[in-house]
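Only the coordinates and a few stated rules stand behind these numbers; no lab work does. Bear in mind that the values here come from a model prediction, so they are computed numbers and not experimental data. So basically every Cβ, Gly included, is an ideal-geometry build from the backbone, and we count neighbours across all protein chains shown.
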Amino acid sequence: MKGMLSQITICPMSEEDLNDVLLIEAASFPHPWNRTHFLDELKSPHSFPLVAFDAGGRVAGYICAMQVLDEGHILDVAVRPDLRGCGIGRLLVEKVLGMCRQSGADYVSLEVRPSNLAAVELYRRMGFIVTGRRPRYYHDGEDALLMEFIFGDNEEEGDAV
């Protein structure tokens, strides 16, 4: 697993990546984003969508994040189904945390389905805390957990994030 992760490259997302990104999006969510939504993120001055490539140059996963002033927010993250559980999602989130921290964010927030136990557990292991709940946030009526990673004074300069 670690050997495979060392071969993952994370780059800014481009329009050329969207066909592969849309396939992963459709395989990951019951109400996936469409091409226009991703194009809007690519054009937004506040957003920084990223894509992870495997050793063969194929899209392994992606993350769409944004930052406005001192607030970072993860909008969308997904990994190719055959590569889930390998640490690619964690790498993408760590990259966003590092970028937001470097850009002066005080925290990074996200919404996640409480039923997405793997994601909730990953975020908790990474240091995110549950700060609230959005009732009936998703199309099917499921609530969203609000989670935040708060950058603090107890972080050491050498930390990954």
- [ ] Filter region 2-27 down to the residues that are of a type outside the set (A, V, I, L, M) and farther than 17 Å from Ala65 by Cα, then identify the one that is surrounded by the most Cβ atoms within 10 Å (Cβ to Cβ).
- [x] Asp20
- [ ] Give Ile63, Ile24 a once-over and let me know the one that is among the β-branched types (Val, Ile, Thr), in contact (Cβ under 8 Å) with a residue 24 or more places away in the chain and touching a Leu at 6+ places or on another chain (Cβ under 7 Å).
- [x] Ile63
Open item on the list: Test of understanding: among Ile24, Ile63, Ile10, which residue is of a type outside the set (Asp, Glu), more than 22 Å from Leu145 (Cα to Cα) and part of a strand (DSSP E or B)?
Closed with: Ile10
TODO: Take Ser103 and decide whether it is surrounded by fewer than 15 Cβ atoms within 10 Å (Cβ to Cβ) and hydroxyl-bearing (Ser, Thr, Tyr).
DONE: yes
Task: Cβ-Cβ under 8 Å pairs, at least 6 apart or on other chains, region 28-53 side in contact (Cβ under 8 Å) with a residue 40 or more places away in the chain, far side in a strand (DSSP E or B) and among the acidic types (Asp, Glu) - done: Trp33/Asp76
